[in-house]
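One structure is given here, and the rest of the page talks about it.
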Amino acid sequence: MIFLFVFLLLLLSELIYLKLAYRFGIFDLPNERSSHGNATLRGGGIIFYLGIISYFLYSGLQYPWFFTGLSLIVAISFLDDVQGVRNLYRFAVHTISVGMMFLDLNLYPETWLFIIFAGTLTIGTINAFNFMDGINGITGGYSLVILAGLAYVNNQQITFVANDLILFSMISVVVFNLFNFRIKAHCFAGDVGSISIAFILTFLLASLIIATQNLVYILFLSVYGIDSVFTILHRLHNKENIFGAHRSHLYQVLANEGHLTHILISIGYMVVQLLICLLVILISALEVMYQLILSMCVLTALAIAYETIKGLYKELIKDPKPEY
């Protein structure tokens, strides 16, 4: 009953937010990075944070540092959605928030060199997740796959975090998908959504990796990882500003130059990541050498797929104009 209640509460909260967003003009307007042609309500991903608030109160204030860090990063991200925030301020808050997350992960007995490396990797992952949020359904669908994989591991292999934290997060993602995972989205996640769900997922994945001392679980983010890293490498090779708006990610190429539907692309990303998650779960008990070999095979296959598909559209990519 508690999960049904949370679902209905979050559904009502999302409807109220969309009404307020419409009233105050919080819209995502098409730009040079967009893969959509119409103004759409922005910030619907605030529901992910509301899901964590529900869990935080229900659990008796469990994971307080994680929650505080998430609250800070949500606040700066929502402000960025509404009026824009300087990159320096955003980076500072991200750094503080990740530092708070590390308190609940008990990482501070480690060396400062390790903390700096882990913090840089975490902030990079969070921002990469944000850059990957560009078409209907991709953030909600991809996140749901990862959460499902984490829930299975937590229930069937090793308990690394309170199970309700994963379940409450899944409920919030399902509610968001009702409004976004569709041909014509009623709302987009916005920075507040993509950044917050990335923060939640990195906390959960870090908890799992720490509990198992097994890095193979990082493959739970491998599809996004390959797309993000190879897109940056391509842009560096082309001497482009990697911080500037663009439409060079593979999912953007498929949507804009390939003219595939957003939902089809999102489902494709989901299916590939789901298969990889299943493989990771199967090989997690193998010897490290076998895990390493299979992990390299997965990453190599993804890299080849990325380069092959990009190659098919390389002539079309040269035209930066969006087609609406």
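The values are calculated or read from the model by the stated rules, or taken from the named source; none is laboratory data. Computed from a predicted model, the values in this text were never measured in an experiment. Backbone-built Cβ (ideal geometry, glycine too); neighbour counts: all protein chains shown. Side chains are part of the model used for accessible areas, which takes the heavy atoms of the whole protein and leaves out ligands, DNA and RNA. Shrake-Rupley method; radii C 1.70, N 1.55, O 1.52, S 1.80 Å.
A Cβ distance below 9 Å, combined with a sequence gap of six or more or placement on separate chains, defines the contacts here; from region 52-71, residues that are within 19 Å of residue 195 (Cα to Cα) and aromatic (Phe, Trp, Tyr) reach residues that are open to solvent by 20 Å² or more (accessible area, probe 1.4 Å) and not in a helix (DSSP H, G or I) in the pairs 55/62; 55/63; 55/162; 56/62; 56/63; 63/162; 67/61.
Across region 62-94, which residue is nearest to the chain's Cα centre (by Cα) among those that are of a type in the set (Ser, Thr, Tyr) and on the phi < 0 side of the Ramachandran plot? I'd like the intermediate steps shown before the answer.
Residues of region 62-94 of a type in the set (Ser, Thr, Tyr): 63, 68, 71, 77, 89.
Still in the list and also on the phi < 0 side of the Ramachandran plot: 68, 71, 77, 89.
Numbers: 68: 19, 71: 17, 77: 14, 89: 21 Å.
Among residues in region 62-94 that are of a type in the set (Ser, Thr, Tyr) and on the phi < 0 side of the Ramachandran plot, the one nearest to the chain's Cα centre (by Cα) is 77.
The single condition among (1) open to solvent by less than 50 Å² (accessible area, probe 1.4 Å); (2) of a type outside the set (S, T, N, Q); (3) assigned to a loop (DSSP other than H, G, I, E, B) that residue 140 does not meet is (3). Residue check: residue 58 meets all listed conditions (1) within 28 Å of residue 252 (Cβ to Cβ); (2) surrounded by fewer than 22 Cβ atoms within 10 Å (Cβ to Cβ); (3) among the hydroxyl-bearing types (Ser, Thr, Tyr) but one, namely (1).
Scanning region 143-165 for residues that are over 26 Å from residue 260 (Cα atoms) and β-branched (Val, Ile, Thr), we see that the one that is most open to solvent (accessible area, probe 1.4 Å) is 159. If only residues of region 107-129 that are in a helix (DSSP H, G or I) and either farther than 17 Å from residue 94 by Cα or charged (D, E, K, R) (or both) are counted, the one that is most open to solvent (accessible area, probe 1.4 Å) is 112.
For region 230-267, filtering for residues that are in contact (Cβ under 8 Å) with a residue 12 or more places away in the chain, part of a helix (DSSP H, G or I) and either under 29 Å from residue 293 (Cα atoms) or not polar (S, T, N, Q) (or both) leaves 14. Taking the condition outside any loop (DSSP other than H, G, I, E, B) and either more than 22 Å from residue 61 (Cα to Cα) or aromatic (Phe, Trp, Tyr) (or both), does residue 203 pass? So residue 203 fits the description; yes. Against the numbered list (1) in contact with a helix residue (DSSP H, G or I) (Cβ under 7 Å, 6 or more places away or on another chain); (2) assigned to a helix (DSSP H, G or I); (3) open to solvent by 20 Å² or more (accessible area, probe 1.4 Å), residue 53 comes up short only at (1).
The set of residues in region 88-105 that are in contact (Cβ under 8 Å) with a residue 24 or more places away in the chain and open to solvent by 80 Å² or more (accessible area, probe 1.4 Å) comprises 91, 96. Of all the numbered requirements in (1) in contact with a Ser or Thr (Cβ under 9 Å, 6 or more places away or on another chain); (2) in contact (Cβ under 8 Å) with a residue 40 or more places away in the chain, residue 218 misses one, and that requirement is (2). Residue count for region 190-209, restricted to those that are open to solvent by less than 10 Å² (accessible area, probe 1.4 Å) and within 10 Å of the chain's Cα centre (by Cα): 9. The listed residues are 78, 7, and the only one of them that is surrounded by fewer than 21 Cβ atoms within 10 Å (Cβ to Cβ) and of a type in the set (Phe, Trp, Tyr) turns out to be 7. Looking across region 264-309, the residues that are within 20 Å of residue 148 (Cβ to Cβ) and over 21 Å from the mean Cα position of the chain (by Cα) come down to 282, 283, 284, 285. Of the residues 294, 254, 221, 215, the single one that is farther than 26 Å from residue 177 by Cβ, open to solvent by less than 70 Å² (accessible area, probe 1.4 Å) and of a type outside the set (Asp, Glu) is 294.
Within region 166-189, being open to solvent by 10 Å² or more (accessible area, probe 1.4 Å) and within 14 Å of the chain's Cα centre (by Cα) holds for 170, 177, 188.
No other residue among 69, 43 is small (Gly, Ala, Ser), open to solvent by less than 30 Å² (accessible area, probe 1.4 Å) and outside any helix (DSSP H, G or I) apart from 43.
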